[in-house]
Amino acid sequence: MKITLLAILFAVFLTVSAKPQNNDPSVLTGEEEYGLLDDPTQADADTYDDNYSDNSDDSDNADDSVIEEKTPQILTKANEIIATPGQEVVFPCEIKDLGNYVRVWNKDSSNVLYQGGIQLNRNENIKLTSDESLHIRNVSEKDVGNYTCEILITNNKKISVTHILRLPTAPKIISLKAENDRTTFSKGETLKLTCLTSGLPKPVISWHKETNRLEITGDTLIIENLKAKDGGLYRCLADNKNPSPAHQSIEIEVETEPIVTIEKYAVNTDKNKDIELKCTVHGVPAPVTNWQKDGMNLVSTEHHALKNKGKHHMLIINNVQDDDFGSYTCTAKNSVGRVFKNITIVKEPAVLHGIKSERMGKDFLLTFKVESNQPITEHDLQFKKKGESEWKSVKPEVTPADKDNIYTIKQTLQNLEGGTYETRVRSHNTHGWSQWSNIAEFTHAAKHHNKHKTKHQKEKEPKEYTPENPAQEILHKESSVGASTTGGSSTISSSILLTSIALLSIVYSKK
């Protein structure tokens, strides 16, 4: 019984282990393994003879063929060299398949220097190197020109490469102009300036406006959407490392309404004195400027003298009388617009516009200037927080005037809260109080206490958890559908083999 069981198990084992039928044509069958298929080497003799050809005639003819000489090729590329006097220069001429052809060097197409290795000129500074490059020593003005390496292939065909030798030249500006030769533009238009230059090496062009260098480089400067501030003197500078760069300028005007500025809005004087009023006018086209009083244009007389100095326009009043006090107007007009500014001649103090404010800790120091021919007896400075309606008043100390009858008012405002403040001032002399000055603003930023927590006041923040031993973390991965969770594939034959071994163990264990 045991012997029979063992035989059955052994037969099963052999059946499972037997090689399965393979339908894949790429796998050899039994007949293929034993060479039972037709042997391709056993082809019919007739077929072999048909495909065979005798090449013996070709080999005999090879001895009679003529080897044709290859056409030369010049591998060197043309080059331009800018050499300084006294420098050495080498012009190469690398040739492939020169063979029996002759290399010729000439200068400016007519002066033959070398034919092969034979020198045909008497210039001791020009020699051939070992690889037949042209070597020029101690370069001078007479060496400037075109050097050509050429090979004559036939009477009508040749190949060549030409090198150029030049000496450096100082930069020169050929022209600097705006597009369409315009120099006056309207606001919003586009300015295009072009600077054409010459010189060796080629100059690098930079652009400047007045005394400021612009970021733009190259031979063209373009400014779009022109504004009044874009008008002015533009300069093109060409530099190629020569000791003397070249430069040229062009004046560009942008049409704008007049701009009128005055030094003082109010001028203090006394009767029987001389006084000068001045305004400065800018604009394109150049504005026409005049002075008026009470709406009437003033002309030059012995009493009123009108003077111009460039953009500065002066009105000089000699021997001021009572009817000379009052408001004067400087008016400027051009095709773009009309602008005016008023200046008042007063007997009372004249507060000069402008305020200087300086922070001093929690305090603020304010400084004004006042002009008065008569001694000032009192100052009145007012301030308030912006948005409030009530002014607070302080009385600054009256200090002596300087030689130009200018009084300086200084007042410190203490313990101010943070915020923006408005301030104004007036002064009093024997003729009365001046007008209030224009309101000036200053901002006082309150000093904040340090709100940062001290080291002991800082709250403890929870620490981010980090495993002490990251290697102990277990990562669980779910197997994809149809995948094995064991990492290998179990075959049927392996399962049957294991089962057989188990049965054998049971049989022998019962002996």
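The values are calculated or read from the model by the stated rules, or taken from the named source; none is laboratory data. Everything numeric here is computed off the predicted structure, so don't read it as measured data. Please note: Cβ atoms are built from the backbone with ideal geometry, for glycine as well, and neighbour counts cover all protein chains shown.
Condition first: free of Cβ contacts under 8 Å to residues at least 40 places away in the same chain, within 11 Å of Leu277 (Cα to Cα) and either among the small types (Gly, Ala, Ser) or surrounded by 15 or more Cβ atoms within 10 Å (Cβ to Cβ) (or both). Now tell me which residues in the stretch 305-319 satisfy that.
Once the filter is applied, which keeps residues that are free of Cβ contacts under 8 Å to residues at least 40 places away in the same chain, within 11 Å of Leu277 (Cα to Cα) and either among the small types (Gly, Ala, Ser) or surrounded by 15 or more Cβ atoms within 10 Å (Cβ to Cβ) (or both), the stretch 305-319 yields Ala305, Leu306, His313, Met314, Leu315.
List the number of the failed condition for Val267; all other conditions in (1) surrounded by 15 or more Cβ atoms within 10 Å (Cβ to Cβ); (2) more than 29 Å from Ala401 (Cβ to Cβ); (3) modelled with pLDDT under 95; (4) aliphatic (A, V, I, L, M) hold.
Exception for Val267: condition (2).
Ala286: small (Gly, Ala, Ser), under 30 Å from Glu257 (Cα atoms), part of a strand (DSSP E or B) and out of contact with any helix residue (DSSP H, G or I) (no Cβ under 8 Å at 6 or more places or on another chain), yes or no?
Taking the combined requirement at face value, the residue does not satisfy it.
Filtering the stretch 118-144 down to residues that are surrounded by fewer than 16 Cβ atoms within 10 Å (Cβ to Cβ) and among the small types (Gly, Ala, Ser), which residue is nearest to the chain's Cα centre (by Cα)?
Residue satisfying both the conditions and the ranking: Ser140.
So, in the stretch 132-159, how many residues would count as being of a type outside the set (Asp, Glu) and closer than 28 Å to Pro85 by Cβ?
So the answer is 15.
Got a sec? Which strands (runs of 3 or more DSSP E) wholly within the stretch 208-280 have at least 2 residues that are of a type in the set (S, T, N, Q)?
212-217, 246-262
Which ones in the stretch 186-204 are in contact with a helix residue (DSSP H, G or I) (Cβ under 9 Å, 6 or more places away or on another chain) and modelled with pLDDT of 95 or more?
Result: Thr190, Leu191, Lys192, Leu193, Thr194.
State whether the residues of the stretch 385-398 include one that is in contact with a Phe, Trp or Tyr (Cβ under 9 Å, 6 or more places away or on another chain), among the small types (Gly, Ala, Ser) and surrounded by 15 or more Cβ atoms within 10 Å (Cβ to Cβ).
Within the stretch 385-398, none of the residues are in contact with a Phe, Trp or Tyr (Cβ under 9 Å, 6 or more places away or on another chain), among the small types (Gly, Ala, Ser) and surrounded by 15 or more Cβ atoms within 10 Å (Cβ to Cβ).
Return only the number of the condition from (1) under 30 Å from Asp239 (Cβ atoms); (2) at pLDDT 95 or above; (3) not hydroxyl-bearing (Ser, Thr, Tyr) that Asp181 does not satisfy.
Unmet condition: (2).
For the structure I just gave you, tell me whether Arg235 is under 19 Å from the mean Cα position of the chain (by Cα) and more than 30 Å from Ala83 (Cβ to Cβ).
Taking the combined requirement at face value, the residue does not satisfy it.
Does any residue of the stretch 281-288 turn out to be under 26 Å from Trp436 (Cα atoms) and small (Gly, Ala, Ser)?
no
Please verify whether the stretch 81-99 includes one or more residues that are without any contact (Cβ under 8 Å) to a residue 40 or more places away in the chain, outside any loop (DSSP other than H, G, I, E, B) and not assigned by TED's automatic domain parsing to the domain that holds Thr220.
Yes, because at least one residue in the stretch 81-99 is without any contact (Cβ under 8 Å) to a residue 40 or more places away in the chain, outside any loop (DSSP other than H, G, I, E, B) and not assigned by TED's automatic domain parsing to the domain that holds Thr220.
For the stretch 113-158, what are the residues that are assigned to a helix (DSSP H, G or I) and in contact with a strand residue (DSSP E or B) (Cβ under 9 Å, 6 or more places away or on another chain)?
Asp143
Just to check your reading of the model, which residue among Ala238, Ala178, Ala228 is over 23 Å from His282 (Cβ atoms), surrounded by 12 or more Cβ atoms within 10 Å (Cβ to Cβ) and in contact (Cβ under 8 Å) with a residue 12 or more places away in the chain?
From the options Ala238, Ala178, Ala228, the qualifying one is Ala238.
Count, please, the residues in the stretch 204-218 that happen to be closer than 24 Å to Thr169 by Cβ and either outside the structural domain of Lys187 (by TED's automatic domain parsing) or surrounded by 15 or more Cβ atoms within 10 Å (Cβ to Cβ) (or both).
Going through the stretch 204-218 one residue at a time, the tally reaches 5.
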